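The values are calculated or read from the model by the stated rules, or taken from the named source; none is laboratory data. Since this is a predicted model, take the numbers as computed values, not measurements. Heads up, the Cβs are rebuilt from the backbone with ideal geometry, glycines too, and the neighbour counts pull from every protein chain shown.
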Amino acid sequence: MIETQAHQGIGRAMNALQEYLIRKLLLPKVYLDVLWNGAPVQVLAIDRAGSGDVHAVWMMYLAPGLDAGVSSAALGLFLPRTVEEMNLWPAVEEIKARPTHFRYVAIVSDDPAMRGLIPSQETVSKALAEDGVGRVGILVVDMTDVEPSVRVILKAERFRSSKEIVELADRYMAEHTANWELRE
């Protein structure tokens, strides 16, 4: 039972993130639980509105029970239970190295205190690309209400594009079926 609830909670959080990206982008193709360039990504969106921008969301779990009975591979990234213990930086450093235009960390939590989370100046600074072009966005998926909701804690900024990202996006869209897309 706990494993089923954990999977449902994770799925509901992914759905909330999918809806966030659908509203944010013009013509996205959204993929759930994928391998992007060999790394697991919980939510991937590729905007087809001319830009082809790639948005990747890595989820971290603070909600009790979401890690119960679920393998660490299925969970992807994991955070401790309390805000005081929260250490995003090893994960953010790894995410900054991933080939995407927009990168996000989504903290999934059923703690009402997370609604008031404000990024420190250190957080803002560490989320930036080394050259300042690009910033990892931080989202909170609030699981306390009947409907999960997504709140932007730190707005993502576009990282530099590259031939590698464009080729990965084109190849990925050609080889995979999207979980959600606007059909013509």
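Contact annotation: residue pairs with Cβ atoms under 8 Å, 6 or more positions apart or on different chains, pairing a residue in segment 20-45 that is in contact (Cβ under 8 Å) with a residue 24 or more places away in the chain and closer than 17 Å to ALA174 by Cα with a partner that is surrounded by fewer than 17 Cβ atoms within 10 Å (Cβ to Cβ) and among the small types (Gly, Ala, Ser), are LEU27/ALA49.
Screening LYS163 against (1) surrounded by fewer than 10 Cβ atoms within 10 Å (Cβ to Cβ); (2) within 18 Å of ALA16 (Cβ to Cβ) leaves a single unmet condition, (2). Out of the residues in segment 102-120 that are at pLDDT 85 or above, of a type outside the set (A, V, I, L, M) and within 13 Å of LYS155 (Cα to Cα), state the one that is surrounded by the most Cβ atoms within 10 Å (Cβ to Cβ). This residue is ARG103.
Scan segment 1-14 and report the pairs whose first residue is among the β-branched types (Val, Ile, Thr) and whose second residue is at pLDDT 75 or above and assigned to a helix (DSSP H, G or I), with Cβ atoms within less than 9 Å and a gap of 6+ or a chain change. Partner pairs satisfying both residue conditions: none exist.
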